[in-house]
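Below is one structure, written out as structure tokens, with a few remarks after it.
The values are calculated or read from the model by the stated rules, or taken from the named source; none is laboratory data. None of the values given here were measured: they were computed from a predicted structure. FYI the Cβ positions are ideal-geometry reconstructions off the backbone, even for glycines, and counts take in every protein chain you see.
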Amino acid sequence: MEVQAWREQFQRLGVESLAHGLVVIRRRNDAQRTFTIRREAGKNFERVQWEWLTAWQTAAMGGQMPGLVLDSPLHKGSGAELKVTHRLVGDVWEPEGFSLRTEKPLDFECQAQPWMAHLISLCNGVSTGRQSYEILKANGSIPADAPLEEFAEAVASLVSAGFVEVEGFRPTREAG
């Protein structure tokens, strides 16, 4: 009955849509860096997705991130899309922009670098981030002098967006 009363109130006020969010404040007993996460809930959103993201960010900000990303097997996220924008330059179509999008576990879209698509292709659940880094350097997807630490940071951001998954920090899948 309470839901119906709210619907009627919103209708009287002319409310067309509602935005809602989740704020989590965690007490900590150490000098861990703080973090803020802004994401939209994906399809079939459940609390476990936020718990996964919070657990990942806590570990990443707690100094474990480089080792987790570089020394753990990496998996592809589910449902990722790569969009490439081309521009006609003379008589040739040249790639101009890249974006990654996913709806699971969270709804997220971001600008991307071409090497990120190659990285996601390498995420087979066996190869580690460090092995993928070496492959990407060897095939020229990233510069030979690309700093390993910067690569790890970039991969960590792909993890928090749901494009790449780290063994031990994989989002819970819905049944079926």
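Quick notes on this structure:
- Within the set Arg170, Arg130, Arg87, Arg101, the sole residue that is surrounded by 15 or more Cβ atoms within 10 Å (Cβ to Cβ), farther than 23 Å from Thr54 by Cα and among the basic types (Lys, Arg) turns out to be Arg130.
- Note on the stretch 68-104: residues that are in contact with a His (Cβ under 8 Å, 6 or more places away or on another chain) and small (Gly, Ala, Ser) amount to 0.
- Hits in the stretch 71-123 (condition: under 12 Å from the mean Cα position of the chain (by Cα) and without any contact (Cβ under 8 Å) to a residue 12 or more places away in the chain): Glu109
- All positions within the stretch 98-155 that are outside any strand (DSSP E or B) and among the β-branched types (Val, Ile, Thr): Ile120, Ile135, Ile142, Val155
- Considering residues of the stretch 1-59 that are at pLDDT 80 or above and outside any helix (DSSP H, G or I) only, the residue surrounded by the most Cβ atoms within 10 Å (Cβ to Cβ): Val15
- The set of residues from the stretch 156-176 being outside any helix (DSSP H, G or I), closer than 18 Å to Leu106 by Cα, under 16 Å from the mean Cα position of the chain (by Cα) and not small (Gly, Ala, Ser) comprises Phe163, Val164, Glu165, Val166, Phe169, Arg170, Pro171, Thr172, Arg173.
- Residues that are within 18 Å of Leu70 (Cβ to Cβ) and among the polar types (S, T, N, Q), drawn from the stretch 122-148: Asn124, Ser127, Thr128, Gln131, Ser132, Ser141
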